[in-house]
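Structure record follows, encoded as structure tokens.
The values are calculated or read from the model by the stated rules, or taken from the named source; none is laboratory data. Predicted model only: the values in this text are computed from it and were never measured. Don't worry about glycine lacking a Cβ; one is built from the backbone with ideal geometry, like all the others, and counts go over all protein chains shown.
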Amino acid sequence: MAISPIDFSNVTLAVLAGGRGTRMGIPKVYLKLNGEPILTHLFHRIQWPGPTMLMNAANLARPPGSEFFDREVIDSVEGEGPLRGILTALESMTTPLAVLITVDMPCVNQRMLAWLLQEWMARSECDGLMCRMQRDAETRIEPFPSVFSRSAMKAISQRLLTGRRSVSGLLEDQRFVAADVPADWPRDVWLNVNTPADLGSFIATRPSCGQTGDS
């Protein structure tokens, strides 16, 4: 079956940025990569051709780089992790679909997100799609980046009400699926900058990561 071209005007790019950054020592939304705010880095790296939205906590509002995004949405509920951020994004967006990424994944690019959307379009009956990857002999689910539709809100709300906050746990519901990523994707697309050591390693080894949207 042929898959229609992506209409990016119907897909919001939502960046989850409200984490406290306990292991980093500062909220990750304030990180800089080679002197550039991490939000600025992500915005210029991905070059998203549709609507953009920054999901944030009230005490972190208007961080450096937020001015590039169409909207900043403050999550009124704290302490429920990224699943709550996903729900707030879906409640706040004006499009049928959202692509979700986290602020601490500096190597995500537009080509990767477009692939995710194509995979979702091939399974358009599902409410959400994540990535499944093979690393050596291990199969791993990567909850971000991911695609969710508005129809996912009910299932996510129910899980939050019962204290089930794992994003990958949504796969227990058949309406949520995972797609096997291409074998030639480099490992660094999954890099999370969680600690000062991670940040130092990234800056030292990938100083030009993200200069183009399809690198």
Notebook entry, point to check: Does the stretch 11-63 hold any residues that are buried (at least 23 other Cβ atoms within 10 Å of the Cβ) and of a type in the set (S, T, N, Q), and which are they?
Noted result: T12, N56
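Going by the structure shown, is S149 of a type in the set (S, T, N, Q) and within 26 Å of E72 (Cβ to Cβ)?
Details: of a type in the set (S, T, N, Q): yes; within 26 Å of E72 (Cβ to Cβ): yes.
Against the criterion (of a type in the set (S, T, N, Q) and within 26 Å of E72 (Cβ to Cβ)), S149 qualifies.
Could you tell me whether any residue of the stretch 85-93 is part of a strand (DSSP E or B) and buried (at least 16 other Cβ atoms within 10 Å of the Cβ)? Quick ask: steps written out before the conclusion?
Pass one, the stretch 85-93, residues part of a strand (DSSP E or B): none.
Within the stretch 85-93, none of the residues are part of a strand (DSSP E or B) and buried (at least 16 other Cβ atoms within 10 Å of the Cβ).
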Check: Within the bounds of the stretch 146-164, is there any residue that is basic (K, R), in a loop (DSSP other than H, G, I, E, B), surrounded by fewer than 14 Cβ atoms within 10 Å (Cβ to Cβ) and modelled with pLDDT of 95 or more?
Finding: yes
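Taking the stretch 127-145, which residues are within 26 Å of F8 (Cα to Cα) and either modelled with pLDDT of 95 or more or of a type in the set (V, I, T) (or both)?
Looking only at the stretch 127-145, we keep the residues that are within 26 Å of F8 (Cα to Cα), and these are 127-133, 141-145.
Listed by number, the residues that qualify are D127, G128, L129, M130, C131, R132, I141, E142, P143, F144, P145.
Report yes if some residue within the stretch 51-60 is of a type in the set (S, T, Y), under 22 Å from Q110 (Cβ atoms) and modelled with pLDDT of 95 or more; otherwise report no.
yes
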Item checked: Within the stretch 64-83, considering residues that are in contact with a helix residue (DSSP H, G or I) (Cβ under 8 Å, 6 or more places away or on another chain) and over 23 Å from I156 (Cβ atoms), the one surrounded by the most Cβ atoms within 10 Å (Cβ to Cβ) -> G65
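Restricting to the stretch 165-180, name every residue that is of a type in the set (D, E) and exposed (fewer than 15 other Cβ atoms within 10 Å of the Cβ). Don't jump to the end; show me each part of the working.
Kept after step one, since they are of a type in the set (D, E), are these residues of the stretch 165-180: 172-173, 180.
Those that are of a type in the set (D, E) and exposed (fewer than 15 other Cβ atoms within 10 Å of the Cβ): E172, D180.
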